[in-house]
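The block underneath contains the structure these notes are about, expressed in structure tokens.
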Amino acid sequence: MKKIVKTLVIHPEDKSTDFLCPIYENIPNKTVVRGGISKYEVIKLIESHDRIMMMGHGAPVGLFNRNFTFAGGYIIDVSMVPLLKQKKDNVFIWCNADKFVRQFELNGFFSGMFVSEVGEAYYMRVPNPNQKQVDESNNTFSEIVSRHINKSPKKMFELVMKEYGILAESNPIASYNHKRLYIL
């Protein structure tokens, strides 16, 4: 009998990252938290789940806290590392999550700097960005990851790289992001 995997999705409520919601729509046995609970409650949820998915805006030191209580500036930070090290097949999608994952030798699918807004594209010197390209990149990325999220991490990564790579050939935002997707 196959073990039922319980997935915790930590995705702070933020209209600018709602394009990521489709990623976890089709995951069975999931708990989604978008805010309104304390960091202590998040810790308890991490302890009781097998796979942790974290997404939204962030920095090399963690996932920004938008609307969790008693959490400081980050809902996911160094204090969560011991718990995350015990989990397999994690997903870290936020700007510069690669620095967090690599520093603490965590495992899973993760992003480096991920351009999801026109302002970020200008800042990262993506040539001639526009909102249409950003929307196309964001939505296509989420649709592709959603289709493959329940596969093994290695298989998911291979398929995301292949399929999102097709868009990366014609969309400079997707091209930038495609080069910054990883698995460990």
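Computed from the coordinates by the stated procedures, all read-outs in this text should not be read as laboratory data. Computed from a predicted structure; not experimentally measured. Cβ atoms come from the backbone with ideal geometry, glycine included; neighbour counts cover every protein chain shown.
Over 30 Å between Cα atoms: which of LYS30/LYS154; LYS99/LYS155; LYS44/LYS132; LYS44/LYS154; LYS87/LYS162 fall into that group? Flagged as over cut-off: LYS44/LYS132. Rounded to a whole number of µm²/s, how large is the Stokes-Einstein D of region 133-178 at 25 °C and 0.890 mPa s, given Rh as the Kirkwood radius over C-alpha pairs? After rounding, the answer is 237 µm²/s.
Here the chain is treated as a sphere whose radius is the Kirkwood value from Cα pairs; by Stokes-Einstein at 10 °C and 1.306 mPa s it diffuses with a coefficient of 97 µm²/s. For region 1-96, the alpha carbon convex hull comes to 94 Å³ per residue, rounded to a whole number. Near VAL134: Cβ cut-off under 9 Å, other residues only, Lys/Arg at +1 and Asp/Glu at -1. The net charge is -3. About its Cα centre, the chain has a charge dipole of approximately 660 debye under the convention of +1 per Lys or Arg Cβ and -1 per Asp or Glu Cβ, with nothing else charged.
Taking LYS88 as the anchor, which aspartates and glutamates have their alpha carbon closer than 19 Å to its alpha carbon, excluding any fewer than eight residues away along the same chain? Straight-distance partners of LYS88: GLU47, ASP50, ASP77, ASP98, GLU105, GLU158. Extension gain for ASP50-SER16 works out to 9.5 nm (0.36 nm per residue, less the C-alpha to C-alpha distance). Projecting the Cα atoms of VAL134, THR7, GLY56 onto the dipole axis of the chain, where Lys and Arg carry +1 and Asp and Glu carry -1 at the beta carbon, places THR7 farthest toward the positive end.
DSSP beta bridges fully contained in the chain are about 30 percent antiparallel.
Between LYS155 and GLU169, the simple spin-label model (points 7 angstrom out along Cα→Cβ) gives 2.5 nm.
Each Lys or Arg adds one and each Asp or Glu takes one away; over the other residues whose Cβ falls under 14 Å from the Cβ of LYS154, this sums to +2. Taking region 107-132 and a reference point 7 angstrom along Cα→Cβ of THR31, no backbone N atom is nearer than 20 Å.
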